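Accompanying notes for the structure given below.
The values are calculated or read from the model by the stated rules, or taken from the named source; none is laboratory data. A quick note: this is a predicted structure, and the numbers were derived from the prediction, not measured. Cβ: placed from backbone, ideal geometry, glycine included. Neighbour counts: every protein chain shown. Quick note on the areas: whole protein, heavy atoms, side chains included, nothing else; ligands and nucleic acids left out. Shrake-Rupley method; radii C 1.70, N 1.55, O 1.52, S 1.80 Å.
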Amino acid sequence: MRDALVIGGGQAGLAAARALRGQGCRPVVLEAGLEPVGSWPAYYDSLILFTPARFNELPGARFPGDPNRYPDRAEVIEYLRAYARDSDCEIRAGQRVVSVTRAGREYRAHTAAGEEFRAPLLVAATGAFGKAHRPELAGLADYTGAVLHSADYRRPEPFTGQRVVVVGAGNSAVQIAVELAAHAHVSLATRKPVQYATNEPVPGGSRFWSVLSAFARIPAGPLFRPGSIPVLDNGGYRTAIESGRPDCRELFAAAEGTELHWPGGAREHVDTVILATGYRPALDYLAPLGVLDAAGRPKHRYGIAGPGLGFVGLENQRTFLSATLHGVGRDARYVARKLSVRDA
């Protein structure tokens, strides 16, 4: 017997399943991938979390090792694997949901494998990282060089000796640009100057993280713009950029062939442009329910979208850290409680 469906088996889905279990539900988690670890295997190899281990614990599971260190991508994947093993929930991997319909009080999730799962409660937890965001930049209209998204970037060695421009001003853009600068001639191109959360790198044991955690409890997420979290410097990124490796400049204004044209008239050959421009939720499967706006964004209030239907893992869903490991657990408990009360 199942009385709740959770779509997505990454950090948001696993937290949602645990929270639903806490409300007495029997959820099944439908994960498109081969295992319930979310998008983490697809990120670049050297990714280091921008927050310490103790700041990235899901409900009921301590992050192993030194709580003040900054874990890497591989450690997060193993942490999620262990969390899934201990979840006491049914997890069905290889079940990509292609559409969700509703009949009476029952949601029906239809998968690409031809199966159908039914339950009165449904949590869409495919998160905020399901679809690479590739903005249409006028300056790239006539560019014929290589254009990649940070989702395509794995390691710096293939770019050795190249002229590379990284577009973006967030944490990933900064980390990728600094890493690449040791192998290539790199510029970080931004519409606005990079904003840093602190003036210098923050130790993992700093009180700064306790203060940030307190702010992350305030349900003011909808007031924040997408991608508005300033850069959390845990690796000397600000020092590297201010020393010119990489250099930081305005976004290019135009292109001709493999030449980019910079404001002020300068032109130069560029081999590769990397768009570190973030992600968007992949929620097309919910279209039959009418809970998405014309742009495909979910319509909800703090994660609740209607009777028995909720979200976990959306950017700025309830707080400005709702899409992070730190934020999904608290949001999951809120959504599970609200859905269970409505369904009672």
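Observations
- Per residue, the convex hull spanned by the Cα atoms of the chain measures out at 140 cubic angstrom.
- Global form of the range 52-177, assessed from the alpha-carbon gyration tensor, a/c cut-off 1.5: oblate
- Accessible surface of the range 255-344 [probe 1.4 Å, protein heavy atoms]: carbon and sulfur percent: 50 percent
- Here the simple spin-label model places points 7 Å from the Cα toward Cβ, and for Glu35 and Ala141 these points are separated by 4.7 nm.
- Short-range pairs are left out: with C-alpha atoms under 8 Å and at least six residues apart, the relative contact order of the chain is 24 percent.
- Under the Karplus curve 6.51 cos²θ - 1.76 cosθ + 1.60, θ = phi - 60°, whole-Hz ³J(HN,Hα) for the range 136-145, x wherever Gly or Pro sits: 7, 9, 4, x, 9, 3, 10, 8, 10, x
- Solvent-accessible heavy-atom area per residue, rounded to whole Å², over the range 108-184 at 1.4 Å: 41 Å²
- Computed on the range 183-244, with alpha-carbon pairs under 8 angstrom and 6+ residues apart, the relative contact order is 54 percent.
- Once the mean of 1/r is taken over each pair of separate Cα atoms and inverted, the range 139-297 shows a Kirkwood hydrodynamic radius of 17.6 Å.
- Direction-averaged projected area, Cα convex hull, the range 1-119: 7.9 nm², rounded to one decimal.
- Taken along its principal axes, the alpha carbon cloud of the range 184-228 reaches lengths of 40, 29, 16 Å, longest axis first.
- Zone of Asp271's modelled label, taken as backbone nitrogen in the range 138-169 under 12 Å from a point 7 Å along Cα→Cβ: 146, 156-165
- Annotation: aspartates and glutamates with alpha-carbon distance below 16 angstrom to Lys338 (same-chain offsets under eight excluded): Asp3.
- Extreme residue, positive dipole direction of the range 76-128, given options Phe117, Gly127, Ala103 (C-beta unit charges): Ala103
- Electrostatic bookkeeping for Gly257 treats Lys and Arg as +1 and Asp and Glu as -1; over the other residues with beta carbon under 11 Å from its beta carbon, the sum is -2.
- Charges were assigned to the Cβ only: +1 to each Lys and Arg, -1 to each Asp and Glu. The resulting dipole of the chain about its Cα centre is roughly 1480 debye.
- Among beta bridges that DSSP assigns inside the range 190-344, antiparallel share in %, nearest 5: 85 percent
- Packing here is the average count of other Cβ atoms within 10 Å per residue, and on that basis the peptides 253-264, 298-309, highest first, run 298-309, 253-264.
- Of the residues Tyr237, Leu283, Ala266, the one whose Cα sits farthest towards the positive end of the charge dipole of the range 176-306 is Leu283 (charges of +1 on Lys and Arg Cβ, -1 on Asp and Glu Cβ, taken about the Cα centre).
- Ordering of 40-49, 312-321, 154-163 by packing is 312-321, 40-49, 154-163, highest average first (other Cβ atoms within 10 Å, averaged per residue).
- The range 81-160: relative contact order as a whole-number percent, Cα under 8 Å and 6+ apart: 15 percent
- Separation of the range 1-48 and the range 65-98, taken as the distance between their Cα centroids, equals 8 angstrom.
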